[in-house]
Amino acid sequence: MTADATSAAQGCVFCAIVARRARASVVHEDETVVVFMDLHPVTPGHLLVVPRAHAVGLEDLDESTSAHVWSVGHAMARALRRSTMRCDGINVLLCDGEAASQTVFHFHLHVIPRHEGVGWTPDADPPERERSLLDGDAQAIKDAIATRPV
């Protein structure tokens, strides 16, 4: 990592979560990614798939990490559908760059459960969800993963 990248990673909240220096409701982790509940979910069950290595956007990811992020995102979508949280659909969203509404500059893939009749636009400002609810959401998805591993 360059000096600039190291400096950016040191101030990065997702790097802190990956390193367990910041709290998160973790659903899944392996040697390449950590998946946790979004602190400001569009809907309950909104997940973030985050590579362990600091990368600002798609351009900064190697092909193997990128493929793994998308594969895990796919598995998380299946887990959401199988979980007790249920959903009618899934949005998989990538905001790559400030112009695309990226607000945390560490690459992350959103996996968002959707429900009939619940409108949402990417410019919405969802309220913070209580930690106990995030933890419960994470457990529901973990339980679904346990029945059919990622």
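Throughout, read-outs are computed from the coordinates displayed, never taken from laboratory work. Computed from a prediction, not measured in an experiment: that's the story for all the values here. All Cβ positions, glycine included, derive from the backbone under ideal geometry; neighbour counts span all protein chains shown.
Under the rule of -39500 (n - 2.57) per DSSP H run of 4 or more residues, summed and divided by the residues of the chain, what mean residue ellipticity at 222 nm is obtained, to the nearest 500 deg cm²/dmol?
For the chain, the value works out to -10500 deg cm²/dmol.
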Query raised in the report: Quick one: length gained pulling D143 to E116 fully straight, 0.36 nm per residue minus the C-alpha distance?
Result: 7.3 nm
Requested in this report: Name the most mobile residue of M76, M37, M85, meaning the one with the largest mean-square fluctuation, in a Gaussian network model of the chain with Cα contacts below 10 Å.
Outcome: M85
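Name the longest site-free stretch of the chain, where the excluded sites are GluC sites (Glu not before Pro) in a DSSP loop with no more than 14 other beta-carbon atoms within 10 Å. It would help to have the intermediate numbers written out before the result.
Values: sites that count: E31, E116, E128, E130.
Counting at most 14 other Cβ atoms within 10 Å as exposed, the longest clean stretch of the chain is 32-115.
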Query raised in the report: So which cysteines of the chain have no other cysteine's Cβ under 4.7 Å from theirs?
Result: C87, C95
Query raised in the report: Pulled fully out, how much extra length does the chain show between T103 and A22, if you take 0.36 nm times their separation in residues and subtract their Cα-Cα distance?
Result: 27.4 nm
Report task. Subtract the Cα-Cα distance of D30 and S132 from 0.36 nm times their separation in residues, and report this length gain in nm to one decimal. Result -> 34.3 nm
Report task. Rank A100, A16, A53 by mean-square fluctuation in a GNM of the chain with C-alpha springs under 10 angstrom and give only the top-ranked residue. Result -> A100
Requested in this report: Evaluate the relative contact order of the chain (contact order divided by residue number), counting alpha-carbon pairs under 8 angstrom at least 6 apart; express in whole percent.
Outcome: 29 percent
Query raised in the report: With the Cα gyration tensor of the chain giving a ≥ b ≥ c as the square roots of its eigenvalues, does the rule (a/c under 1.5 for rounded; else a/b larger than b/c for prolate; else oblate) give rounded, prolate or oblate?
Result: prolate
